[in-house]
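**Q** Structure incoming, see below.
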Amino acid sequence: MSTSAKDCIECGFAKASHSALWLTNSSDVLALKLGSIRNAPVLRFFATFGEYLVSTLGRAAFFFGKTFGFLTLSEDLGKAHSDRSRLIWREANARNIPMRQLFLFGQPSDMFEIFINGKRHFFQSIPIPPALEKTESLDMDDKVAFKRTLRTLGLPVPKSYSVRTYRRAKQVLSELGTVCVKPQSGSNGRHTYPFVKTDEDLEVALKSATEVCVLASIEEHMEGNLCRATCVDGVLVGFLESLYPTVTGDGVSTISELVQKANAEKPAGVADITLTSSHEAYVRRRGYALTDVLPEGVSLPLTYRAGASSGGRNREHGRSIHPSFIPLIEKAAKNVHLAVVGFDLIIPDPQLSADEQRWGFIEANSLPWIDLHQTPLYGEPINLAPSVWDLWKKY
């Protein structure tokens with residue numbers, strides 16, 4: 001396990017400063033430790049005052065930065081920081097909404113300036129009307145708090161515990177048997193360890209998770225495909241099912257050799273499976289070594305990272321999943337106080353009834369990667385940007 005963000009295998013494709021991640025993620029979960037006293041009148045006053053102060057200071061910093069040249073704005077869509085931003089920007093141009101990207105010391109950010117009805121607004125990544133931005137929605141990026149909320153609504157979630165110490169982690173492992181360990185707040189699957197069954201693996205996983213957050217979430221491990229359900233204004237718009245890179249044994253080839261065959265036979269648009277120490281550890285936790293011959297007919301996922309970019313596959317279903325899932329997903333969307341939300345779910349087969357399989361919500365994302373729905377390997381692409389901008393018509 002590396003402590004260098006640049007070389008960190010556990011950060012995957014989304015490498016970032018561990019110190020910055022720890023500060024951001026830890027502040028999110030520690031804020032929830034105030035519990036019910038968050039709603040006390042005195043705290044509501046200071047929260048309101050704090051929002052005003054941050055807004056005032058933010059605007060002052062914006063004009064100060066422009067005056068002294070270390071903050072600049074660009075109308076060049078080609079310099080967009082991400083595919084998500086490009087998607088939002090193209091739709092803004094189509095609607096004649098002026099939009100500019102903020103650059104800090106010449107480096108692009110995911111902060112943008114727009115003008116709607118003659119008023120200036122700033123947003124990060126996804127434009128949400130001010131009337132729909134609610135402070136309680138911040139809780140949903142906390143994986144334990146999110147599951148607690150959905151559990152009270154009668155929606156399926158794995159058992160989940162907030163953990164700091166190895167002693168407490170062992171107690172949870174003893175109760176649950178096979179667990180997934182991840183930072184209690186965080187994104188992009190960083191420092192996530194599924195299929196943990198032993199104390200030794202638990203210790204490694206806990207150290208990794210708490211490297212980027214003060215607390216870890218330890219939850220029941222669930223088997224199934226990783227699905228992203230994205231909702232806008234409480235309505236399911238996109239549903240992307242992602243499969244893990246998987247090999248199936250022939251009784252002759254080693255796992256490494258099966259990976260080479262899979263890479264040679266993969267369709268266009270799918271990345272090579274590049275084996276790392278993270279793959280090796282995940283395969284080992286499932287009972288194999290890369291040099292083992294995989295028994296005939298046995299299918300083995302190689303990593304918890306799913307989709308075409310990891311050597312797996314994905315399919316966009318839109319709303320063409322089994323109808324039993326839709327009201328449950330939209331019930332969750334209407335109760336998490338997020339105008340745009342991406343749910344991560346584990347579902348063995350979204351075409352079968354929800355009642356016929358074990359499945360559950362595992363995370364909510366307040367800034368989902370809506371562009372993933374427009375670039376699936378299979379299925380009809382869905383552009384969510386129009387639905388996002390339509391929010392401004394209603395509010």
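**Q** Would you be so kind as to identify which of 236, 116, 378 lies farthest towards the positive end of the dipole of the chain, taking Lys and Arg as +1 and Asp and Glu as -1 on Cβ and the Cα centre as origin?
**A** So the residue furthest toward the plus end is 116.
**Q** Also: Counting Lys and Arg as +1 and Asp and Glu as -1, each charge on the Cβ, what is the dipole of region 199-279 about the Cα centre in debye, to the nearest 20?
**A** Charge dipole, region 199-279, about its Cα centre: 400 debye, nearest 20.
**Q** If the rule is a partner Cβ under 4.7 Å, which cysteines in the chain fail it?
**A** Lone cysteines by the Cβ rule: 180, 213, 227, 231.
**Q** So what J values fall out for region 103-113 if you push phi through Karplus, 6.51 cos²θ - 1.76 cosθ + 1.60 with θ = phi - 60°, rounded to Hz, Gly and Pro as x?
**A** Taking θ as phi minus 60°, the curve returns 10, 10, 6, x, 9, x, 10, 9, 9, 9, 10 Hz for region 103-113.
**Q** Nearest 0.05, what FRET efficiency do residue 166 and residue 132 give at R0 = 45 Å with Cβ-Cβ as r?
**A** It comes out at approximately 0.65.
**Q** Please report the net charge: other residues with Cβ closer than 10 Å to the Cβ of residue 236, K and R +1, D and E -1.
**A** Combined, the nearby Lys, Arg, Asp and Glu give 0.
**Q** Let me ask something else about it. Give me the percent relative contact order of region 218-368, please, defined on Cα pairs under 8 angstrom at least 6 residues apart.
**A** This gives 35 percent for region 218-368.
**Q** Would you mind checking 119/331; 334/393; 207/334 for any pair whose Cα atoms are more than 24 angstrom apart?
**A** In this structure, 119/331; 207/334 exceed 24 Å between Cα atoms.
**Q** Using 0.36 nm times the number of residues separating residue 326 and residue 7, minus their current alpha carbon distance, what extension gain do you get?
**A** Here the segment from residue 326 to residue 7 would lengthen by 110.8 nm.
**Q** Please report the relative contact order for the chain, taking Cα pairs under 8 Å with a sequence separation of at least 6, and give it as a percent rounded to a whole number.
**A** Averaging sequence separation for qualifying contacts and normalising by length gives 18 percent for the chain.
**Q** Also: What is the fewest-to-most order of 174, 160 by other Cβ atoms lying within 10 Å of their Cβ?
**A** Ordered by Cβ neighbours within 10 Å, fewest first: 174, 160.
**Q** Can you list residues from other chains, or at least 5 along the same chain, whose modelled amide H is less than 5 Å from the amide H of residue 314?
**A** For residue 314, whose amide H was placed from the backbone, the distant partners under 5 Å are 243, 308, 377, 378.
**Q** Can I ask one more? Which value, in debye to the nearest 20, describes the size of the charge dipole of region 124-191 about its Cα centre when Lys and Arg Cβ atoms bear +1, Asp and Glu Cβ atoms bear -1, and nothing else is charged?
**A** Dipole size: approximately 460 debye.
**Q** What does the net charge come to around residue 261 if you take all other residues with beta carbon closer than 15 Å to its beta carbon, with K and R at +1 and D and E at -1?
**A** Result for the neighbourhood of residue 261: -4.
**Q** Is it possible to state the helix-based mean residue ellipticity at 222 nm for the chain, with each DSSP H run of 4+ residues giving -39500 (n - 2.57), the sum divided by total residues, to the nearest 500 deg cm²/dmol? What is it?
**A** -10000 deg cm²/dmol
**Q** Between residue 238 and residues 5 or more places away or on another chain, which pairs have amide H atoms under 5 Å apart, with H built 1.01 Å from N, and which residues are they?
**A** For residue 238, whose amide H was placed from the backbone, the distant partners under 5 Å are 230.
**Q** Still on this structure, please answer the following. Residue separation times 0.36 nm, minus the C-alpha to C-alpha distance between residue 257 and residue 378: what's the value?
**A** Extending this stretch completely gives an extra 40.9 nm.
**Q** Counting Lys +1, Arg +1, Asp -1, Glu -1, what net charge surrounds residue 25 among other residues with beta carbon under 12 Å of its beta carbon?
**A** With Lys, Arg at +1 and Asp, Glu at -1, the net is -1.
**Q** Sticking with this structure for a sec: Applying a 10 Å radius around every beta-carbon, put 339-351, 14-26 in order of their mean neighbour count, most first.
**A** Going by the mean number of other Cβ atoms within 10 Å, highest first, we get 339-351, 14-26.
**Q** So for the pair residue 14, residue 356, with labels modelled 7 Å out along Cα→Cβ, what separation do we get in nm?
**A** Distance between the two pseudo-spin positions: 3.3 nm.
**Q** What length, rounded to one decimal in nm, is gained on full extension from residue 117 through to residue 151, with 0.36 nm per residue of separation minus their alpha-carbon distance?
**A** Length gained, residue 117 through residue 151: 8.2 nm.
**Q** Apply the Debye scattering formula to the chain, with a single equal point scatterer on each alpha-carbon and no solvent, then give log10 I(q)/I(0) at q = 0.08, 0.09, 0.11 Å⁻¹.
**A** Taken in order of the listed q values, log10 I(q)/I(0) reads -0.46, -0.58, -0.88.
**Q** Taking the Cα centre as origin and putting +1 on Lys and Arg beta-carbons and -1 on Asp and Glu beta-carbons, what dipole magnitude results for the chain, to the nearest 20 debye?
**A** 1280
**Q** Let me ask you something else. I'd like the projected area of region 271-311, averaged over all directions, using the convex hull of its alpha carbons. Report it in nm² with one decimal.
**A** 3.1
**Q** If you bin the C-alpha pair distances of region 246-303 every 5 Å from 0, what whole percents do you get?
**A** 4, 20, 33, 25, 13, 4, 0
None of the figures in this text is laboratory data; all of them are computed from the coordinates on show. None of these values were measured; they are calculated from a predicted model. Cβ coordinates were reconstructed from backbone atoms using ideal geometry, including for glycine residues, and neighbour counts include every protein chain displayed.
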